[in-house]
Structure formats: C-alpha cells, structure tokens
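Right, one structure below, let's go through it.
The values are calculated or read from the model by the stated rules, or taken from the named source; none is laboratory data. Bear in mind that the values here come from a model prediction, so they are computed numbers and not experimental data. Don't worry about glycine lacking a Cβ; one is built from the backbone with ideal geometry, like all the others, and counts go over all protein chains shown. Calculation scope for accessible area: heavy atoms of the full protein, side chains included, ligands and nucleic acids excluded. Shrake-Rupley method; radii C 1.70, N 1.55, O 1.52, S 1.80 Å.
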Amino acid sequence: MAKEEYIRGLIDSLKDVKYIMPDDIPNIDLYMDQVTTFMDEHLNSSKRFIDDKLLTKTMINNYTKNQLLPPPIKKKYTKEHMFLLIFIYYFKNILSINDIQNIFNPLTERYYGKDSGITLEDIYTEIYKLEKDQTDALTKDMIRKMTKAKEAFADVESKEERDFLSTFTFISVLCFDVYMRKHMIEKMIDNVMKEKATTPNPKPDK
C-alpha cells in the first residue's frame with residue numbers, strides 16, 4: 001500500500017482527535033462570537049484545512065431556523081445550547097438536516113429546559129464516555145481493514161499499481177463501512193418517527 005507508514009500514522013492520530021469534555025463547557029451563557037470561538041478552539045484538531053470554519057454565525061442561525069436549536073435567550077447561548085451544538089456538529093457530517101431534526105425534536109422536547117431527572121448534560125457526559133472508549137477499538141479495526149486491503153493485490157507485479165489498488169481498496173472499504181452505518185442510523189431514525197406517529201399524545205392534566 002502506498003505510504004503505509006503514513007496511513008498508519010493517520011490511524012494512530014485518531015487517538016489525538018480532541019473531544020469537548022463536559023467540564024470544558026462554560027457554566028455561563030455565551031454570546032454568538034464566544035460560541036464560535038469556543039468551538040473553533042476546542043475542535044481545531046478536526047479541521048481538514050487550516051482555514052476551515054467549524055461553526056459560523058450563519059450555521060447557528062440556520063440551525064435555529066430549522067428548529068434544530070432552540071433560540072438564544074437574550075442573544076446568549078446556554079450550556080444546554082452548547083451540548084446540542086456539539087451533537088449537531090458531528091451529526092451534520094453524516095445525516096441530512098431533516099434526519100437531525102427528526103431525532104433532535106424528541107430530545108429537546110423531553111430534556112431541553114426540563115427538570116425530568118435526566119439533563120442534557122447527563123446525556124452528553126454518558127455519550128462522551130462511550131465515544132472515548134471506542135477510540136482504541138476503532139483504530140484496531142482500521143488497521144485490520146488496511147491489512148486486508150494490502151493483501152488483496154499482493155500478487156500485482158508493479159509496485160506502483162499495487163500501491164494504488166491497495167489504497168483504493170482501503171478507501172472503498174472505509175466508505176462502505178460508513179455507508180452501512182449511515183443506512184442503519186437512518187433506519188433507526190425512521191423507526192423513532194414511526195413510533196412517535198403511532199403513540200397517542202398524553203391527555204393534559206385537569
């Protein structure tokens with residue numbers, strides 16, 4: 001495979017991708033500029049290019065317009081807003097706005113600004129723990145896929161051709177993996193919406 005050491009380095013670098021820890025999120029409400037600055041600083045390792053904008057004012061306004069994010073309170077965003085924005089940041093790279101809206105609506109209806117015993121912070125903290133635990137398993141799986149891709153064209157005589165075909169195979173396998181996971185996620189969201197449509201609304205207390 002072309003530049004195998006380079007690819008192994010990329011896989012190893014996944015361990016260095018920064019997550020926003022629950023304790024990193026300020027306990028005070030933030031103005032828009034403060035929100036975008038915070039996200040840019042804490043997710044800098046996720047950038048593909050140095051000039052990439054992770055979160056802009058326009059994006060945040062669009063999230064509010066599309067009812068993914070509750071409106072700010074007196075032009076300020078709460079800690080709960082920040083949890084939702086982080087979820088949106090990761091979701092939007094995989095899911096459509098409509099799918100995010102469908103899974104976010106029940107989340108915000110149940111937990112945003114509610115005292116239900118479980119807070120958005122509780123949810124974010126638990127998911128953060130699970131995601132962090134998955135990093136080692138993910139890197140091992142990628143190394144296994146890379147090895148399989150390298151073996152697939154081991155008999156090709158030309159090193160240049162062999163390297164290209166192995167790299168293309170590895171990329172294809174990773175893409176198919178993402179496709180299958182995305183397909184499963186979409187089916188789960190569809191099921192959430194189906195269950196919501198068939199569940200009668202609770203009668204208001206008299």
Boolean, Lys132 is within 16 Å of the chain's Cα centre (by Cα) and open to solvent by 90 Å² or more (accessible area, probe 1.4 Å): yes
Residue check for Leu55: touching a Ser or Thr at 6+ places or on another chain (Cβ under 7 Å) and of a type in the set (A, V, I, L, M, F, W, C): yes
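Here is a yes/no grid of residues against (1) exposed (fewer than 15 other Cβ atoms within 10 Å of the Cβ); (2) in contact with a helix residue (DSSP H, G or I) (Cβ under 7 Å, 6 or more places away or on another chain); (3) within 16 Å of Tyr6 (Cβ to Cβ):
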| residue | (1), (2), (3) |
| --- | --- |
| Met146 | no, yes, yes |
| Glu151 | yes, no, no |
| Val156 | yes, yes, no |
| Phe170 | no, yes, yes |
| Val173 | no, yes, no |
| Phe176 | yes, no, no |
| Tyr179 | yes, no, no |
Number of the condition not met by Leu174 [criteria: (1) within 26 Å of the chain's Cα centre (by Cα); (2) hydrophobic (A, V, I, L, M, F, W, C); (3) part of a loop (DSSP other than H, G, I, E, B)]: (3)
Only one of Ile73, Ile97 that is over 27 Å from Val178 (Cβ atoms), touching a helix residue (DSSP H, G or I) at 6+ places or on another chain (Cβ under 9 Å), open to solvent by 30 Å² or more (accessible area, probe 1.4 Å) and modelled with pLDDT under 95: Ile73
Enumeration of residues in the range 120-153 that are in contact (Cβ under 8 Å) with a residue 12 or more places away in the chain and under 30 Å from Pro70 (Cα atoms): Leu120, Glu121, Ile123, Tyr124, Thr125, Tyr128, Glu131, Lys132
Unique residue being closer than 20 Å to Met184 by Cβ and touching a residue at least 40 places away in the same chain (Cβ under 8 Å) when the list is Asn93, Asn102: Asn102
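Matching residues to (1) more than 21 Å from Ile97 (Cα to Cα); (2) of a type in the set (D, E, K, R); (3) assigned to a loop (DSSP other than H, G, I, E, B):
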{"site": "Ile20", "(1), (2), (3)": "yes, no, yes"}
{"site": "Ile28", "(1), (2), (3)": "yes, no, yes"}
{"site": "Arg48", "(1), (2), (3)": "yes, yes, yes"}
{"site": "Asp52", "(1), (2), (3)": "no, yes, yes"}
